[in-house]
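What follows is one structure encoded as structure tokens, with my remarks underneath.
Bear in mind these aren't lab numbers, they're just calculated from the coordinates by the rules spelled out. Quick caveat: nothing in here was measured; it's all calculated off a predicted structure. Neighbour counts are summed over all protein chains in view; Cβ atoms, including those assigned to glycine, are modelled from backbone coordinates with ideal geometry.
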Amino acid sequence: MSSNAIPLPDTDSLWMPFTANRQFKAAPRLLVGASGMYYTTHDGRRVLDGSAGLWCVNAGHCRPEIAEAIARQSRELDYAPGFQMGHPLAFEAASRVARLMPAGLDRIFFTNSGSESVDTALKIALAYHRARREPQRIRFIGRERGYHGVGFGGISVGGIAANRKPFTANLMPGVDHLPHTLNIAEAAFSRGQPAWGAHLADELERLVVLHDASTIAGVIVEPLSASAGVLVPPRGYLERLHAICARHGLLLIFDEVITAFGRLGAATASEYFGLTPDIITLAKGINNAAIPLGAVAVKRVIYDTVIDAANPDSIELFHGYTYSAHPVAAAATLAALDIYQRERLFERANSLSPKFEQAAHALRNAPHVRDIRNLGLVAGIELEPGPGRPGSRAYEVFLRCLERGVLIRYTGDTLAFSPPLIVEPAQIEQIFDTVAETLQSIG
Ligand code: PXG
């Protein structure tokens with residue numbers, strides 16, 4: 001421990017999320033500061049952030065403009081009720097977010113997280129079909145290995161077995177799943193979108209036959225599935241899903257909690273792929289993760305249909321959160337979107353992505369590497385499972401990289417990379433060189 005180490009707090013009371021609590025508390029790893037591309041650890045070390053926090057700090061850490069906007073707003077109007085009252089920044093933030101969405105998705109509902117955005121999107125889909133007098137459209141189609149947060153709606157349409165298993169008896173009814181698109185035998189080491197796998201979208205057609213289109217409300221997928229190990233959509237796959245949804249009147253929901261706000265080099269993955277879904281879920285990068293906020297962008301026709309179905313003086317959608325469009329979160333959003341625009345960070349991500357791809361794939365022959373997948377400023381390196389439990393080797397790599405000054409993520413046996421969009425080419429090298437050295441060093 002260096003001389004500027006900070007004493008460790010008592011760790012007993014906190015029940016940590018998605019963490020092996022006993023393992024962590026036996027050897028805590030604390031972050032106490034951040035700036036730009038770097039974190040500072042409790043023992044005074046600077047660590048390069050290879051994961052943008054949890055895929056969310058797209059403009060880099062502790063941006064003064066965002067901090068000032070938050071401070072100013074906290075002094076001026078700390079909180080305003082969002083039910084039957086409004087405040088200007090809520091409307092301004094909605095307009096600004098809408099401008100970044102594909103044409104037509106210009107109605108914005110604010111939440112506080114990605115999980116809430118997903119549950120909100122599912123409710124809006126159901127409300128829409130009710131409003132257009134097809135209330136029997138109640139089913140949703142998700143996808144294996146999909147991650148849509150941790151609400152009951154999200155884990156029901158999600159396809160990560162561990163997140164569902166303890167709750168299987170309580171999941172939302174009427175959900176079916178598409179197969180996931182990862183096939184290492186067919187598509188190992190694909191650069192960008194794999195050529196193999198578009199036909200997997202036709203499974204949706206099969207599910208439509210099975211359940212009948214008239215019972216299905218919508219389909220929800222991550223355009224690029226991040227949390228379950230960086231699953232890049234095969235070329236043509238999303239286009240086919242889109243066409244099948246359109247043919248049968250199913251709402252297509254893109255969960256862009258990770259992919260929106262520049263991760264793939266465009267404002268949204270929808271824009272990147274040239275597709276317009278019906279609903280997009282947002283969070284994380286929406287305000288550079290400076291304060292919790294999520295949002296759902298919907299096509300105007302969906303909003304109009306739900307609104308027009310109610311009496312003019314009635315609440316149209318019985319849904320919302322105490323903190324929907326919290327003034328401080330809205331102020332942070334405006335400041336973050338200004339930075340994205342001023343610094344052209346989405347374009348920057350786009351122009352860095354060939355370099356990022358090349359640096360990731362340079363590890364192709366490193367020990368234990370089974371597959372490498374990438375798109376935009378996202379990469380996944382899947383390792384051969386270690387001799388211990390699944391994920392034990394990836395955990396060891398994560399720990400050793402942290403010791404070497406680079407923070408990465410891992411999920412199962414896959415290492416995941418998603419640096420802030422301000423990353424410099426030399427830092428991209430540093431991230432992957434550190435992983436390469438680490439892989440050489442472990443047994
Ligand atoms: N949808 C998607 C696509 C996500 O990636 C959520 C919904 C839920 O968001 P909230 O804000 O409720 O957590 C997410 C969250 C990881 C990791 O390392 C990914 C997420 C969260 C934490 C860790 O893969 N994604």
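Assorted remarks:
- Taking every DSSP helix (H) stretch of at least 4 residues in the chain, weighting each as -39,500 (n - 2.57) and dividing the sum by the residue count yields a mean residue ellipticity at 222 nm of -11000 deg cm²/dmol.
- Gyration tensor analysis over the Cα atoms of region 29-146 returns equivalent ellipsoid semi-axes of 35, 23, 13 Å (largest first, whole Å).
- Region 117-131 and region 327-390 have Cα centres spaced 31 Å apart.
- Cut-off 20 Å, label 7 Å out along Cα→Cβ of ARG132, residues of region 241-266 by amide N: 241-255
- Partners for LYS299 among lysines (Cα-Cα distance below 23 Å; same-chain residues under 8 apart left out): LYS123, LYS284
- Integer Hz, Karplus 6.51/-1.76/1.60 couplings in order for region 374-389, x for Gly and Pro: 7, 6, x, 9, 10, 9, x, 10, 8, 9, 4, x, x, x, x, 5
- Computed E for GLU186/GLU384 - FRET, C-beta separation, R0 25 angstrom, nearest 0.05: 0.90
- Extension gain, GLU343-ALA26: 0.36 nm per intervening residue step, less the Cα-Cα distance, totals 109.9 nm.
- Calculated FRET value between ASP12 and ALA310, using beta carbons and R₀ = 60 Å, to 0.05: 0.75
- Long-range HN-HN contacts of VAL406 with modeled amide H, under 5 Å: LEU48
- Two-site label geometry, CYS62 and ARG99: point separation in nm, points 7 Å out along Cα→Cβ: 3.0
- Calculated FRET efficiency for the pair GLU403/VAL301, C-beta based, R₀ 45 Å, to 0.05: 0.25
- Sorting the segments 351-358, 59-66 by their residues' average number of neighbouring beta-carbon atoms within 10 angstrom, most packed first, yields 59-66, 351-358.
- Seen from a random direction on average, the alpha-carbon convex hull of the chain projects onto 21.8 square nanometres.
- Descending by average beta-carbon neighbour count within 10 Å, the peptides 208-215, 251-258, 310-317 line up as 251-258, 208-215, 310-317, the highest first.
- Assigned charges on the beta-carbon of Lys, Arg, Asp, Glu; region 67-342 dipole about Cα centre (debye): 280
- GNM result for the chain, Cα springs below 10 Å: residue of GLU203, GLU76, GLU396 fluctuating most strongly: GLU76
- Relative intensity, log₁₀ I(q)/I(0), of region 287-443 from a Debye sum that treats every alpha carbon as a point, q = 0.14, 0.17 Å⁻¹: -0.83, -0.99
- Under 26 Å from the Cα of LYS25 - lysines, other chains or at least 8 residues apart: LYS165
- Listed peptides 87-93, 116-122, 22-28, 326-332 by packing density, highest first (mean Cβ within 10 Å): 116-122, 326-332, 87-93, 22-28
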